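Derivation of every value follows stated rules applied to the coordinates shown; laboratory data play no part. Keep in mind that this is a model prediction, so the values were computed, not measured. Here Cβ is always computed from backbone atoms with ideal geometry, including for glycine, and neighbour counts include all displayed protein chains.
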């Protein structure tokens, strides 16, 4: 009776604790500052707007009221006491709405660094991977080679499409991208790119591309306080709850998809089943064991069966009974030929080693004559003996393994047979034996078995296992548990009894301490949750902001150091987040060692900040050098050596800095400059550095606007037939007409476009405007059928997008024949993924009829060997060749003549660039150069002037 009361009080106490710990709203959570509470109260009046993509797993189109988005909406409303309005639309529209701040939050948002400029990013909620799936089961999908030349459909604009462009470039792959706005648009495609959350079955071939940036929430840029509020809620409890909701949603949809695979007979079978009874081999088997603490059976096999039962919608009953029990539906057991006569088996899930063990000094080997062998009478491993040991072997049966081992110890038998799990257990449980001479006798597969006459059940089981279970994951879990053998039931119960006795004896003390100390501990835990980085134990961004807000910018002096690890993302991508996490932990430990008198804050990802109070710049540089030396030391993780290093930006706090944002801004600029300088750089933020950076950023911002507002337009330079002196085409050259600064030189903005990864947009902008102009001129009769307009496509653009698809789209859009345009390439194609570019050029020429010219030949990298592989129509000689004629008339003319003969022999059209004088034109015409362009015929000019030139003639 007393024991019962103690149990009752103990249970009551746990319930009481759980009620206190579970804060129900933002006030009782204790994680928000006064300013944040006031902000939340203001939102209670206005509410917030949350967007969700209609094609995401957060919207259930078949049962909208049961959608995850509305469950998360309820969670936000209950916690913050505010109204949440849900907006559903296409991803493209929602992203634009978030940029325009017509919505406050956007769910299922990829937290990529590139989005930081325009969107506030929440802390990560869950990780994600990207896969290629195909609806055609006859298509192989096993490696990157299977994607060669194929078209992959992906939603755009999205982080997925941007990831694929980078992925394609980095892996030097030759597939085409088809970008659509909605999933439905690509449903008929052979190859579709999806995330892990979009896969509910594995009926189609699936190929994993890699891990992408984590998923969280996108938050309106002008609302940093909303980001802080949401981040704290996620860290406190919402992330865990959200993941549970997401898991429920996935299971619900997987179950729905699974039922589509069943016929009516199978559906009726499951509907008539009230429960599924599962039994397994023995509780010594590590994948299935009894967990005394949880008072239930556990292990990877049991967990797999629970996953299967969720698909079927039937409760699971797990027990450890006689495998021949008539009441069992499913059995987890080892496969033998004898059992195959009674049961039907699924494919093997793992294998169990059957060992022969002896106490002798040598490895046994089955060829060695063994006279006396022991077996456990009921053990399946006994069946292996007859197949491998000599017929005259004397076999002794024992009731259980303990007596068999005692017989081996006392030398009553020479050896014994047991499975590997029993052997591992005995190594842990028995300290008085010394048999470590082992040989593998047999390997028995472990699988799920169903009675032979239960045809319907085995059919259902195979459908769920073939189409929905991740066998690689199951196998990994089995192998993991095989390496950590579970102790037997009796030992577990013994430990549990000891644990319970200890709990009861401490109950009185705990109860007294609980009421005086629980509130303190709870508040401390919540504070740690809110202010400390959960991975590295460094203080996080929340505590960093609070510390910075306490700085008196009029009086305080010191240095801010912005530290960023080098190539961290590459390590994460190539070695996984586990390696990345270990590196972050080690990096924080090393930084704390150097900055022992200061505080190290982890701001985000691999970015850290240290504020060194009352220090000079020289002192700061010395500390930064010490930090770099420490971070440059190798880090060893799982037998792999990593060398990462870092870049450090330093900003001095002085009287001209009067707010935290500007202080951080300057430190960030210095860090950015350090990264540009190369690994291991330290840069101090100077006035000139900040000015140059801000001018560069302003130019970058203006350039992005210019691409959207048609400030970048083509200027046209005439191409002339030297033999007839007629204009036969043009080259379109990009010009930026800035509304305040006028025309900005391409020498300025083209390198900028390359640096920020937008040169492909620039190239396609000019391509589209040129093709559009050609169509207009054709309709107006300004040009004839033979007129050819050319535009430049850089090697970088070939790496970013599928040029063939883009050109095809533009030609179709404006109904212009491919023969009317020409693509110009620079010699950089020879050193930037030549094989990939070559494949696309062949498609452009052969399928579209578009001409290809090699521009600036002899200006830089020239390779006659590679030139022979390039399928081009024209070879454009750089102006530098004419300069060589002037410098050395005899040799220069010989070189030019040789190249002209080369063009003739290879059926190339020769084009001379940079013609500025009549004498140059006369020389080239005499030598047989076909076409020419240069200031002598006309500078690049606006469309109106070019039309006038066409009408007037040369």
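Observations on the structure shown:
- Burial ranking of peptide ranges 46-54, 94-102 (average Cβ count within 10 Å, highest at the top): 46-54, 94-102
- Highest to lowest packing among 808-816, 160-168, scored as the average C-beta count within 10 Å: 160-168, 808-816
- The alpha carbon gyration tensor of segment 710-852 gives principal lengths a ≥ b ≥ c with a/c of 1.5 or higher and a/b no greater than b/c, which makes the shape oblate.
- Cβ-derived FRET efficiency at R0 35 Å, residue 90 paired with residue 549, nearest 0.05: 0.30
- Length gained on full extension, residue 725 to residue 456, computed as 0.36 nm times the residue gap minus the Cα-Cα distance: 88.4 nm.
- Packing-based order for 579-587, 389-397, using average beta carbon neighbours within 10 Å, highest first: 579-587, 389-397
- Distance histogram for segment 532-685 (every C-alpha pair counted, 10 angstrom bins, percent rounded to whole numbers): 11, 43, 34, 10, 2, 0
- With all pairs of different C-alpha atoms in the average, the Kirkwood value for the hydrodynamic radius of segment 528-607 is 13.8 Å.
- With both labels modelled 7 Å from their Cα along Cα-to-Cβ, the residue 629 to residue 916 distance reads 5.5 nm.
- Percent RCO, i.e. relative contact order, over segment 698-952, from Cα pairs under 8 Å lying at least 6 residues apart: 20 percent
- P(r) tail for segment 618-746: Cα pairs beyond 20 Å make up 66% of the total.
- Among 91, 312, the order by Cβ neighbours within 10 angstrom, fewest to most, reads 312, 91.
- Virtual spin-label span in nm between residue 695 and residue 151, 7 Å along Cα→Cβ: 4.7 nm
- Legend: ranking of residues 595, 109 from fewest to most surrounding C-beta atoms inside 10 Å; resulting order 595, 109.
- Using 0.36 nm per residue and subtracting the Cα-Cα separation, the extra length available between residue 139 and residue 535 on full extension is 138.3 nm.
- The modelled label-to-label distance between residue 190 and residue 41, using points 7 Å beyond Cα along the C-beta direction, is 6.4 nm.
- Stretchable slack from residue 618 to residue 893, in nm (0.36 nm times residue separation minus alpha-carbon distance): 93.0 nm
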